[in-house]
Amino acid sequence: QVQLVESGGGLVQAGGSLRLSCAASGRIFRINAMGWFRQAPGKQRELVANFANGGSTNYADSVKGRFTISRDNAKNTVVLQMSSLKPEDTAVYYCNARINFAPGLAASDYWGQGTQVTVSS
């Protein structure tokens with residue numbers, strides 16, 4: 001089994017900063033992709049930022065220049081540093097990882113429990 005443990009989040013005023021961290025543990029052969037999604041009330045879950053297969057980094061247009069994703073491969077951890085936060089960034093943020101258990105097996109998607117980020121105006 002694989003677990004994604006998230007930390008960070010909370011309440012911040014517009015213009016402030018927050019840091020989200022996610023650590024993957026368990027039976028992991030390879031992490032193909034890892035990053036963060038978010039879901040605001042009444043909206044679909046959307047990609048915020050991630051490291052995709054091959055090492056490329058993806059960001060939602062709405063967060064480019066404000067959010068930075070980083071990783072520690074040795075610890076299977078990703079960190080999302082969020083700056084210049086806006087009220088529209090308010091959402092539940094979910095860590096996601098696409099993981100192979102063993103060579104030759106298809107990868108599976110795993111999700112964290114979600115952490116609330118609220119930005120007040």
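Each other residue within a Cβ distance under 11 Å of residue 83 adds +1 if Lys or Arg and -1 if Asp or Glu, for a net charge of +2. Take the chain with all the other protein chains still there, run a 1.4 Å probe, and you get 53 Å² of accessible area per residue. To the nearest whole percent, what portion of all C-alpha pairs in the chain is separated by more than 19 angstrom? For the chain, the fraction of Cα-Cα distances above 19 Å is 43 percent. Our coupling estimate for the range 40-45, obtained by passing each phi through the Karplus curve with A = 6.51, B = -1.76, C = 1.60 and θ = phi - 60°, is 8, x, x, 10, 6, 5 Hz, Gly and Pro reported as x. If you take every DSSP beta bridge whose two residues both sit in the chain, what share of them, in percent to the nearest 5, is antiparallel? Around 90 percent antiparallel, to the nearest 5.
For residue 108, the shell of other residues with beta-carbons less than 12 Å away shows a net charge of +2, using +1 for Lys and Arg and -1 for Asp and Glu.
What the phi angles of the range 104-121 give under the Karplus curve with 6.51, -1.76 and 1.60, with θ = phi - 60°, is a coupling list of x, 8, 5, 6, 10, 8, 10, 10, x, 7, x, 9, 7, 10, 10, 10, 8, 8 Hz, glycine and proline written as x. Relative contact order of the chain: 36 percent, from C-alpha pairs under 8 Å at least 6 residues apart in sequence.
Residue 119 sits among other residues whose Cβ lies under 12 Å from its own Cβ, and their net charge, with Lys and Arg +1 and Asp and Glu -1, is +1.
Backbone geometry of the range 61-76 corresponds, through the Karplus equation with coefficients 6.51, -1.76 and 1.60 at θ = phi - 60°, to 3J(HN,Hα) couplings of 4, 5, 10, 4, x, 10, 10, 9, 9, 9, 8, 10, 5, 5, 9, 6 Hz, x marking Gly and Pro.
Rounded to the nearest 0.05, the FRET efficiency derived from the C-beta distance between residue 1 and residue 81 at R0 = 41 Å is 0.90. Is the shape of the range 32-85 best called rounded, prolate or oblate, per the rule: a/c under 1.5 gives rounded, else a/b larger than b/c gives prolate, else oblate, with a ≥ b ≥ c the square roots of the Cα gyration tensor eigenvalues? Verdict is prolate for the range 32-85.
The values are calculated or read from the model by the stated rules, or taken from the named source; none is laboratory data. Nothing here was measured: the structure is a model prediction, and the numbers come from that model. No Cβ is skipped: glycine too gets one built from the backbone with ideal geometry, and neighbour counts run over all protein chains shown. Just the protein is used for accessible areas: all its heavy atoms, side chains included, with ligands, DNA and RNA removed. Shrake-Rupley method; radii C 1.70, N 1.55, O 1.52, S 1.80 Å.
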